[in-house]
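Values quoted throughout were computed directly from the atomic coordinates according to the rules given, and no laboratory measurement underlies them. Note that this is a predicted model, so its numbers are computed, not measured. Cβ placement follows ideal geometry from the backbone for every residue including glycine, while neighbour counts extend to all protein chains displayed.
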Amino acid sequence: MTRHLTKALMLIAVLGVAACNNPDRYANGTAGAGAGANAATGISSSPLGDPNDPKSIAYFNQTVGDTVHFAEDQSTLAPEAQQILATQATWLARNSDYGIIIEGHADERGTREYNLALGARRASAVKEFLAAHGISATRMRTISYGKERPIALCSAPQCYAENRRAVTVLTQPGNS
Amino acid sequence: MRLFRPLAIAIALLGLAMLPAWAQSRGPLKIEINQGVIEPIPFALPAFVAENAGAQQYVQQIDQVISADLSGTGLFREIPQSAYISRITSFDAPVQYGDWKAINAQALITGAVSIQGSQILVKFRLFDVFSGQPLGQGLQFAGSADTWRRMAHKVADAVYSRITGEGGYFDSRVVFVSESGPKNARQKRLAIMDYDGANVQYLTSGKTLVLAPRFSPDGKRILYTSYKTGEPRIYVMDLATRQARILDDQQGTMTFAPRFSPDGNTVVFSLERGGNTDLYLLNLATGQRTQLTNSPSIDTGPSFSPDGKQIVFESDRSGSQQIYIMSASGGAVTRISFGAGRYSTPVWSPRGDLIAFTKQYEGRFHIGVMRTDGSDERLLTASFLDEGPTWAPNGRVLMFMRETSGVNGAPSLYTVDVSGRNLRKVPTPGDASDPSWGPLLP
């Protein structure tokens, strides 16, 4: 049982590695095997590790916090966002093997191409903050999704607020 | 092509009080599209004559396409065949004008279809019923039988053109993004269709996110943005071969919003580096790249003037999205939008006279037009989310995306006249966004 689980995890890890050259974790189908499931659900898989392990991606996502939010049509980092990013910087400095992809997103209340540029501005603001807090710029890449990949689906202010975000996505050690 | 009939004849026949606005100003069978409310011109379209057995199956379909094209403009109204007194049994038989006057047809369209081998021949004549004369020459179109729909569009284009004095737009195609799946994981495919939603073909598989295609001026290539490499990059695709190539692949940048110059040789696009987005030109033959704007702002949504000398674009350099014009070689910019709200996605009319745009104001989205100096702004639509106008080849109609709100919100394509009249949904097999209207086909 345990052995099978280990194998399964290793397989997932391999798939995760295969997908790592492509920073688009939403890509449905570019990475061959496993792509079908992704295309159907739009959900990508990567090994998160044990959330109790302070070196794991799960710990980073849940405990440190991988997401910061922005005001409408803004890319300025509010104090709350700066606090989260400072914690991210500390953690990333200690766990220097992970590669870093910063995704920028916008809400649906803007035009497509402008929102693409706005998402890039947000991702870049996060990258600059982390760089100023000691994270090497060569570890970090940015990618913008504009309004293409909302996480909250309602058309109301609370959903728009959730969607105006930058997400720090970690890639496996050695595969950035 | 259009013929002006003596106004006196129409007045004698109808009496001045009965004349609709279009007839009072210009004589019979002439419609001025940019005027106020228009009374649609009633037309009769008796079944085209099938000149041989093979043609029979096409006749009704061709009539339907012609009728839908003309009625769809809102400028014409078909008189139902059940009202007709005359029957047309031969293409060359003399027209009984009295029979068509009696049912108040202003225009009469007759035609015939024949099949010769794998070819289809469609011919038509247009008559000005009240002056009792043909309006222009009879015309014949020939092509392979599977292009019967294009033949019908060509007949409708000729009729539209002779009566309005404007170029037609029915024999044209639209590239767009076909969408499916949930809102947080939309699958997007490039697709191409006839202007009326027929003949949809898919150009990409949907495995990769694609955005905002744009037709080349000759209709043979498209530009678009794709996440194929994982990051947004601009591509050009040859429509005949479906071969695509990446146009700019510099690490640490994002490229998007590509549009052709009127001669098709140059692409203007947005390049983002370090969070800042500027406009660049790319020479397609040499690959040489020239920076056009250098401003700490989002400069995007470019569109060439039809003469290729200027570029209109949007920038938030003033603090919010507004519309600017500059020379196609860069340099000084002139802001042309000054109303309240955010202005984006400017698109220069093929006639050169107007700029269409998206406007956001107090939580609503509008498609609008303004003159190239920013004057005479008119909002044509309003909804939760209207975005991305594209001009019909004759500059009289705009197509755009309208997206509904909520968890199950989805986009569709709509058209609206430049006057703001005649809002219509374009039928597409699924959800659709980001239309780009191609040229009138040769």
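Here are the numbers:
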quantity: Selection from the stretch B:329-348 of residues that are assigned to a strand (DSSP E or B) and within 14 Å of chain A (Cβ to nearest Cβ); calculated: B:Arg342, B:Tyr343, B:Ser344, B:Thr345, B:Pro346, B:Val347
quantity: Residue selected from the stretch B:191-202 under the condition in a strand (DSSP E or B) and not acidic (Asp, Glu), by the criterion nearest to the other protein chains (Cβ to nearest Cβ); calculated: B:Tyr202
quantity: Per-region count, the stretch B:291-309, residues part of a strand (DSSP E or B) and either free of Cβ contacts under 8 Å to residues at least 40 places away in the same chain or out of contact with any strand residue (DSSP E or B) (no Cβ under 7 Å at 6 or more places or on another chain) (or both); calculated: 3
quantity: Complete set of residues in the stretch A:56-83 that are crowded, with 18+ Cβ neighbours inside 10 Å, over 14 Å from the mean Cα position of the chain (by Cα) and not aromatic (Phe, Trp, Tyr); calculated: A:Ser56, A:Asp73, A:Ser75, A:Leu77, A:Ala81
quantity: Any hit, the stretch B:372-382, residues being closer than 21 Å to B:Gly72 by Cβ, in contact (Cβ under 8 Å) with a residue 24 or more places away in the chain and either within 13 Å of another protein chain (Cβ to nearest Cβ) or surrounded by fewer than 18 Cβ atoms within 10 Å (Cβ to Cβ) (or both); calculated: no
quantity: Residues satisfying the stated conditions in the stretch B:258-290, i.e. assigned to a loop (DSSP other than H, G, I, E, B) and within 14 Å of chain A (Cβ to nearest Cβ); calculated: B:Gly274, B:Gly275
quantity: Test: residue in the stretch A:66-83 that is assigned to a helix (DSSP H, G or I) and within 11 Å of chain B (Cβ to nearest Cβ); calculated: no
quantity: Tally of residues being in a loop (DSSP other than H, G, I, E, B) and within 19 Å of A:Leu85 (Cβ to Cβ) across the stretch A:100-120; calculated: 1
quantity: Tally of residues being facing chain B (nearest Cβ under 9 Å) and buried (at least 19 other Cβ atoms within 10 Å of the Cβ) across the stretch A:120-140; calculated: 7
quantity: Counted residues, the stretch B:291-311 - those being within 14 Å of chain A (Cβ to nearest Cβ) and either closer than 22 Å to B:Glu387 by Cβ or among the acidic types (Asp, Glu) (or both); calculated: 7
quantity: Residue list for the stretch B:349-369, restricted to those being within 14 Å of chain A (Cβ to nearest Cβ), within 18 Å of the chain's Cα centre (by Cα) and of a type in the set (A, V, I, L, M, F, W, C); calculated: B:Ala356, B:Phe357, B:Ile367
